[in-house]
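I have placed the structure first, in the form of structure tokens, so that the comments after it can refer back to it.
The values are calculated or read from the model by the stated rules, or taken from the named source; none is laboratory data. Since the structure is predicted, the reported quantities are computational estimates derived from the model, not experimental observations. Note that each Cβ is placed from the backbone with ideal geometry, even for glycine, and that neighbours are counted across all protein chains shown.
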Amino acid sequence: GERPSREKRRGGRGRDGPCLPAPNIICKDSSGNETHFTGKEVGFYKVVPCRNVNGYSYKVAVALSLFLGWLGADRFYLGYPALGLLKFCTVGFCGIGSLIDFILISMQIVGPSDGSSYIIDYYGTRLIRLSITNETFRKTQLYP
């Protein structure tokens, strides 16, 4: 078969997957009905987004930022040559830019320039940004 283009892979919707609640979980829906789960029933289906990786390791990026960030090696590695050269010429913006880049890279705010995700171990430190949407359940406060 034909290999999908990068745009198709990046714009992919992901896949629907069943979510199985842990055993002995009791869920109450909006109408007050309780459901007891044993760990074998499907609680709901969730769309799991696809992660496109192109060979940029999170561990390498953090190590480069920590030890060689003042030379701009982290930005060169992630595909930002102009910022890497600027950091090299200014010695990491006198250290302040290196510290800021270390924080941004370790929090995964700055990633590879091609828009791909880092390669991270399965039980690694992958961070997921949470956002509030219309589907978010908001619990009313008991004490204002």
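Observations on the structure shown:
- Hey, Phe93 over 24 Å from Pro49 (Cβ atoms) and either of a type in the set (S, T, N, Q) or touching a Lys or Arg at 6+ places or on another chain (Cβ under 8 Å) (or both) or not: yes
- Residues that are without any contact (Cβ under 8 Å) to a residue 24 or more places away in the chain and crowded, with 18+ Cβ neighbours inside 10 Å, drawn from region 77-96: Tyr77, Leu83, Gly84, Lys87, Gly92
- Selection within region 16-28 - exposed (fewer than 11 other Cβ atoms within 10 Å of the Cβ), assigned to a loop (DSSP other than H, G, I, E, B) and of a type in the set (A, V, I, L, M): Ala22
- Selection within region 29-57: residues that are among the polar types (S, T, N, Q) and part of a strand (DSSP E or B). The member of this set that is surrounded by the most Cβ atoms within 10 Å (Cβ to Cβ) is Ser57.
- Region 40-61, subset modelled with pLDDT of 95 or more and under 15 Å from the mean Cα position of the chain (by Cα), residue farthest from Ser116 (Cα to Cα): Lys59
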